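Here the structure is laid out as structure tokens; the discussion comes afterwards.
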Amino acid sequence: MNLQRVDEIIDSYGADRVFALSILQDIQAECEYLPREALERTAERLGLPLGEVHRLATFFWAFRLEQPPGERNVKVCLGTACHVRGGVQVLKQVEKGLHVKAGETTPDGKYSLEVVRCLGGCAHGPLVEVDGEHYTDVTPAEVEKIITTLK
């Protein structure tokens, strides 16, 4: 993590706490996730408690606090509609097929698996998204086809 680059991003916003969310977005765009050191530096430079910066970073699903994402990003929706329609079973099949748990990246860095709370297709859940492409009305049996398409 290059803290000098984090400082440059913070400075580009005048180190103004009003822009904390934008600063975190730019740091993530640079690093592909939000390293702890970057959160600490942001809190320090903006004069905010670390807990407040961490709250922002964990409230929005778009932020990643763990390792950078893999080359291919797989998201499984577990919002209310998707959950009720079998999203948990779909997630379990995706985890089995990719050999990772939700929130992890495969050791080779090829695939990341995320759980999200809404992909905006509630009438067609469960939804799986792969690199922005949506698969709707997914059943556990269809997961193997999706994973085969990935590879």
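The values are calculated or read from the model by the stated rules, or taken from the named source; none is laboratory data. Just so it is clear, the structure is predicted and the values come from calculations on it, not from any experiment. When we count neighbours, we look across all protein chains shown, and the Cβ atoms used for this are built from the backbone with ideal geometry, even at glycine.
Computed quantities for the displayed model
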quantity	calculated
Some residue of segment 130-145 being touching a Lys or Arg at 6+ places or on another chain (Cβ under 7 Å), at pLDDT 90 or above, surrounded by 15 or more Cβ atoms within 10 Å (Cβ to Cβ) and not acidic (D, E)	yes
Any hit, segment 36-48, residues being within 18 Å of the chain's Cα centre (by Cα), surrounded by 13 or more Cβ atoms within 10 Å (Cβ to Cβ), over 18 Å from I10 (Cα atoms) and in contact (Cβ under 8 Å) with a residue 12 or more places away in the chain	no
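One line per residue, one yes/no per condition, for (1) touching a strand residue (DSSP E or B) at 6+ places or on another chain (Cβ under 7 Å); (2) closer than 17 Å to Q28 by Cβ; (3) not small (G, A, S):
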residue	(1), (2), (3)
H54	no, yes, yes
N73	yes, yes, yes
L78	yes, no, yes
G97	no, no, no
E104	yes, no, yes
P107	no, no, yes
